[in-house]
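Comments concern the structure below.
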Amino acid sequence: MRLMQHKREAYWFYRFLSIFYDNYVNPLFWTEEMRDQSLELAQLDEPGLSVIDVGSGTGFTTQGIVRSVPADRITCVDQSPHQMAKAKAKSDLQGCTFRLGDAEDLPVPSDSFDRYVSAGSIEYWPNPEKGIEEAYRVIKPGGRALLIGPLEPGNWFSRFFAELWMLFPKEVEYREWFERAGFQQIESVYVKPHWHRSRTNQYGIAIAGIKPESTANPASAAREPAVVKQEEMTWGRRLKMIGRVIIGSIGGFIFIPIALLGYLYSALSGNPAKKSLNRHQIIALLVIVAIIVLIIWLS
């Protein structure tokens, strides 16, 4: 598994990432345009829907859901109390139900929701297929599940740091996991930020499927129940966790300057974003450009 594809490591990673997640990460890698395009597959315009947002984080995706579904009909689940605290503070999410929980073992009864949404969470799941089976379990027959996640990068440099950091599944894996869980009428769209320039490799995918009227989950029925063992936190395990968080965080944070430079290149190429960089991103971009200039000057 990748360095951040562990529950304890992801918990501590988001303990610090939550401080600047909304200012640096979402506006670059998971934009409003991407969110709105993806949520169209969830078909949230039907009246009276109940929605579970899994891996809801700071509530960015939930803010898109709440435009169509009343807040008191939305349940947000995340394993990070630090991310969740950011979501709870947002005025448009007052009324949502917030629950700490594991995407692979959701703390809700079966057949509870009309819609399941999960964005930018699967890459941290140790067992993504189990997480998708949980999506199938918790929605009602006839309900729809939507999952948004990254795709494996095409060039070797991005792929090396991506796979060092977290899970980047192939498109075929997403579809196979949905099919094995029991979903039908599966459909998908590609999503990307405007600065992503590759013509041969897709950036991310939004994939949705419908739970048929029969509630049997073929994947779960064929599999023996998993025995969950609590991992003993020895000093060796603690040191391993600290190392993974540090190295994995470095691998992840490398994508921030890549995205900022891609943003700058797009603007200079006559393809500016619909939304300007915020103050935090502008400062980060200036620092990156200054470092590059300094390196060139010293070389």
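Points worth noting:
- Region 36-141 - share of DSSP beta bridges that are antiparallel (%, nearest 5): 10
- 27 Å Cα-Cα threshold exceeded, pairs from LYS140/LYS192; LYS86/LYS192; LYS86/LYS140: LYS140/LYS192; LYS86/LYS140
- Remark: VAL108, VAL51 ranked as VAL108, VAL51, counting other beta-carbon atoms within 10 Å and listing the fewest first.
- Fewest-first ordering of TYR190, TYR263 by other beta carbons within 10 Å of each residue's beta carbon gives TYR190, TYR263.
- Judged by the mean number of other Cβ atoms found within 10 Å, the most tightly packed of the peptides 173-183, 135-145 leads the ranking 135-145, 173-183.
- Pairwise FRET efficiency - SER68 versus ILE282, Cβ, R0 = 41 Å, nearest 0.05: 0.80
- Efficiency of FRET from Cβ geometry, GLU213 and LEU239, R₀ 51 Å, rounded to 0.05: 0.50
- For the listed peptides 198-209, 59-70, a ranking on the average number of other beta carbons within 10 Å per residue, highest first, reads 59-70, 198-209.
Where a number appears in this text, it was derived from the coordinates with a stated rule and is not lab data. Here the structure is a predicted model, which is why all the values come from computation and not from measurement. With ideal geometry, Cβ positions are generated from the backbone for all residues, glycine too; neighbour counts draw on all protein chains shown.
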